[in-house]
Amino acid sequence: MPVLPVRKGGVSLLIEIFLLRSGGSDRQTLVRSTGDRFYFRILGSGGVGKSALTVQFVQGIFVEKYDPTIEDSYRKQVEVDGQQCMLEILDTAGTEQFTAMRDLYMKNGQGFVLVYSITAQSTFNDLQDLREQILRVKDMDKVPMVLVGNKCDLEDERVVGKDQGSNLAHQFGCTFLETSAKAKINVNDIFYDLVKQINEISPQGKPKGNHRKRICALL
Amino acid sequence: MDADESCSLAPVENSRHWGEEKESDAVWGIFLKKVRYQRPSSIVQIVQARGNHSLGDKKVSSNGIDSDEPDDSGEIAHLMWETVRLKVLRAGSLKKVIEAIANDDTDIQATHLSVFLATYRTFASPAEVMNEIIKIYRGSTDEFLSKGSTDEFLSKAMLDALNVWLDTYPEDFELGTEGFECLHKTVLPFAQDENLKSLLLKTQYKLRSRRKMKKAASVHSLRAYSPVCIKTYSLPTIPENHFAQQLTYCDKELFLNLRVWECLGGLWKRRCGCPTVAATVEQFNALSGRVVATILLDPAASIQSRAKTLDKWIRISQELRLLKNFSSLKAIVSGLESNPVFRLSKVWQLIAKDRLAIFSQLSQIFSEENNRMAQRTLLETEGTAKFPTPTKSPKEKRFLNRVLRSSQSTTKLFPAEIDTPNGTIPYLGTFLTDLTFIDSALPDRVHGDLINFEKRRKEFEILAQLKLLQGSAKGYRLEEDPYFTGWFSALVCLDDKSAYELSLSIQPERNVFKGHRKTDSFTSNSSSENIDSVHQRKGSIPSSNESSILYGVTGSTGNSSGLSSNIPESTVVVKVSSPSKGDVLYKSMMVGNSDHTPRVLAQALEKLGLEDEDPRNYQLVQILPHKELKFPSNANVFYALDTSVPLGEIRLECRPIYHLTNNNNSISKHSTTSS
């Protein structure tokens, strides 16, 4: 198995071989390079455009063909502040009502995107409970999080004011962005911001306690 | 359009993409297909005739196109092969989309019709479609009346379409639906048309018999039964296989009644008009909710009795796995892994190791890893098989054997009931997510305002999988036990918040998590990426997805550190070598999550044929591409390993102490398993 360690920004990149299912029933071997990994979760009521945000971010909205089983549909490599990272975005759009599986879904997430639609007040109201659930499940007072008011291209249909959004974000102590998956506004910023938040708490996704020691090691 | 893409768009086998043809209200993909003909004579001889047969204007003669057979003009002329030009609709107006049902190629015609009928609800109402079909049908026959020539092909295709529609989606024409109204309004005026008249009669007959059947069949829903019943069950005493069979019976009914088109992203996202999907979701949540409630509810229950209940649920999940009921299986696993239950480490501690191992394997089925790859693969291999037959990996085989051994229905299922076919019930959520994504990723309309039929084709691929599974679910032979249904529906469900409060009252917060978290952290005296990767697994922030590949456990290694010590033994395969045994390249061995340095060393030495050596004279070192990682003398090797190297490439070395080099990569930590 090829192991190609490359030094970049203190992060070793490995080429790993992964078995992936392609299109039909064939299994295919793909080569994937990884840097630091981040596991993000997209949450929000049905119909707020979560999947559209994910699709827009991961592969751009104008995809000729889309196959949910290929890795390009949920994984993206980006560079944030000179650091290579692999973002894995799990979006269970379509299964919002399977409430029982939410806990597990949250448990394995590092960063959370809470999405509402600026055209539907109820989707905004639902987020309070979702956030509480995340904090309970993660057993933390604060987690890396971005509050997102989606569909900001539909200004005519707006019912949730921008100030409402920023107030809620202030209350949550998280970043606030108004986005449009359709018009490609602020989409990438959501994910870059999350990476930065995670790095602030614990550089490169590690618990805080290690930060100091890590620097020592590098010196 | 690149070659790769055109290949995937090929509608039929052995065809290749030629180009695209645009009209004002349609876009066609053009494909060329080579058709071979068998010689009618019994003499097997390759004879070729070129270009003199033309079976219609849509076909191109093969003359000059990649012919490789020898030109033998001495033989009788016989058409061996020709290239046929096929047209596949990519996008079009509603009229064009319907007209395109008529295609020279029967395969394309059948596929187009199936895709159309399964997905039309995303772009037109039944009435609109009905009107359009009748209009096209009338148009093609009127032509016959006036001009003396008919587009018989088109009119026949339209009649076929109506017939197939009535057969496959009778629900569209039920009394009180738009389709019913329309069918009568649209078709009745043309009752003099024999074809339409017989069609109408057929429909009326079909609908009547359907109504009768529906009346005869009882309504299978958990809520349909009154909680008052004569015979009652209790969770501790009910046989697990009976429980699982009854859940499966209920899920089977729901799944067979599922109208797959309701799952289409464009329809389901509106959440209305999808009653059969909603019913599936409701049953799923009802089951998960009951799992949580039965474990938490009784305030007087001891930790032991809660553990018993939890154990019972794992046993029931085992049975569900054998029945290939992935819907209820996922519901129970989700319930057990929901925060209020999962955090109760004191309860989990009482569960037998074996049972925990089985549970972690069951939960592994629904791992999120690689966009739920495990689940998809499993459905692919077992979906339409009669029995759980994991052929792909030996690991899975071993696991299944384990489940079988400890299941009580083993004797019933194997081999006595070996002839009883079994179905599969999938977890619907994955399909809903995939369809939601396809809906977001591909536009509904293209080239102005044309219906993007390629998108519908893509959606149909997923609907077709569901249809196939529905077919297999008919294989279940299960009888309903109304007492069970009554008893089960009377069990209480809890909402999120009250479940969490109850959970806290059983095991207060700080004793569990905050306390454990401290002892769980690493007290490393030096640091490197190795430690980081260890933290990746053990820390509470990161998600351990990587480790789940290696260790075969998710949900347990990942998060709640308070629990990771109790939850199942996981293992990883490592390659061990030793400089004292230069002739052996390496040996493979397993390291479990409770194995510490001395034990691993002893095992490794034994493997290497150095069993006489004292492990205390050796040091365990992991060999990494650029460095080494020394294990402290009593580390938990499993967790301390640097797993940034690919699976199967973890190399350990047993190094005699005198060989030691100065390397400060060693780490030490409090073992979690011994705490």
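General remarks:
- Residue in segment A:102-115 that is modelled with pLDDT of 90 or more, over 14 Å from the mean Cα position of the chain (by Cα) and of a type outside the set (Phe, Trp, Tyr) present: no
- Single residue of segment B:24-35 satisfying the filter (open to solvent by less than 70 Å² (accessible area, probe 1.4 Å) and at pLDDT 85 or above) that is farthest from B:GLY92 (Cα to Cα): B:LEU32
- Within segment B:177-204, the residues that satisfy the criterion of being modelled with pLDDT under 75 and exposed (fewer than 15 other Cβ atoms within 10 Å of the Cβ) are B:LEU188, B:PRO189, B:ALA191, B:GLN192.
- Within segment A:81-125, the set of residues being within 24 Å of B:LEU264 (Cα to Cα), among the β-branched types (Val, Ile, Thr) and more than 8 Å from chain B (Cβ to nearest Cβ) comprises A:ILE89, A:VAL115, A:THR119, A:THR123.
- Here segment B:554-576 is the region considered, the condition is being open to solvent by 10 Å² or more (accessible area, probe 1.4 Å) and in contact with a strand residue (DSSP E or B) (Cβ under 7 Å, 6 or more places away or on another chain), and the residue that is modelled with the lowest pLDDT is B:GLU569.
- Condition check for A:GLY161: among the small types (Gly, Ala, Ser) and either crowded, with 18+ Cβ neighbours inside 10 Å or touching a helix residue (DSSP H, G or I) at 6+ places or on another chain (Cβ under 7 Å) (or both): no
- Index of the failed condition, A:PHE62 passing every other in (1) in a strand (DSSP E or B); (2) modelled with pLDDT under 85: (1)
- Within segment A:103-135, tally of residues that are out of contact with any strand residue (DSSP E or B) (no Cβ under 8 Å at 6 or more places or on another chain) and free of Cβ contacts under 8 Å to residues at least 60 places away in the same chain: 11
- Whether a residue is modelled with pLDDT of 80 or more and part of a strand (DSSP E or B) was assessed, and B:GLU606 does not pass this test.
- Among the candidates B:GLY273, B:GLY265, residue that is closer than 30 Å to A:THR123 by Cα and open to solvent by less than 10 Å² (accessible area, probe 1.4 Å): B:GLY265
- Output for segment A:178-219, where each listed residue is modelled with pLDDT of 65 or more, open to solvent by less than 30 Å² (accessible area, probe 1.4 Å) and not in a helix (DSSP H, G or I): A:GLU178, A:THR179, A:SER180, A:ALA181, A:SER202
- Subset of segment B:618-654 (residues that are polar (S, T, N, Q), open to solvent by less than 10 Å² (accessible area, probe 1.4 Å) and over 18 Å from B:TYR586 (Cβ atoms)): B:ASN636
- Residue in segment B:317-332 that is at the interface with chain A (Cβ under 9 Å from one of its Cβ atoms), at negative phi, of a type in the set (Lys, Arg) and within 21 Å of the chain's Cα centre (by Cα) present: yes
- Leading residue by the ranking (nearest to B:GLU649 (Cα to Cα)) among those in segment B:599-613 that are surrounded by fewer than 22 Cβ atoms within 10 Å (Cβ to Cβ) and touching a Leu at 6+ places or on another chain (Cβ under 9 Å): B:GLU611
- B:PHE116 fulfils the conditions (1) closer than 26 Å to B:ASP193 by Cα; (2) surrounded by fewer than 21 Cβ atoms within 10 Å (Cβ to Cβ); (3) in contact (Cβ under 8 Å) with a residue 24 or more places away in the chain; (4) out of contact with any Phe, Trp or Tyr (no Cβ under 7 Å at 6 or more places or on another chain) except for a single criterion, (2).
- Considering only residues in segment B:276-305 that are among the hydroxyl-bearing types (Ser, Thr, Tyr) and more than 11 Å from chain A (Cβ to nearest Cβ), the one that is least open to solvent (accessible area, probe 1.4 Å) turns out to be B:THR276.
The values are calculated or read from the model by the stated rules, or taken from the named source; none is laboratory data. Just so you know, these numbers come straight off a predicted model, no measurement behind them. Neighbour counts are summed over all protein chains in view; Cβ atoms, including those assigned to glycine, are modelled from backbone coordinates with ideal geometry. The accessibility values were calculated without ligands, DNA or RNA, using every heavy atom of the protein model including side chains. Shrake-Rupley method; radii C 1.70, N 1.55, O 1.52, S 1.80 Å.
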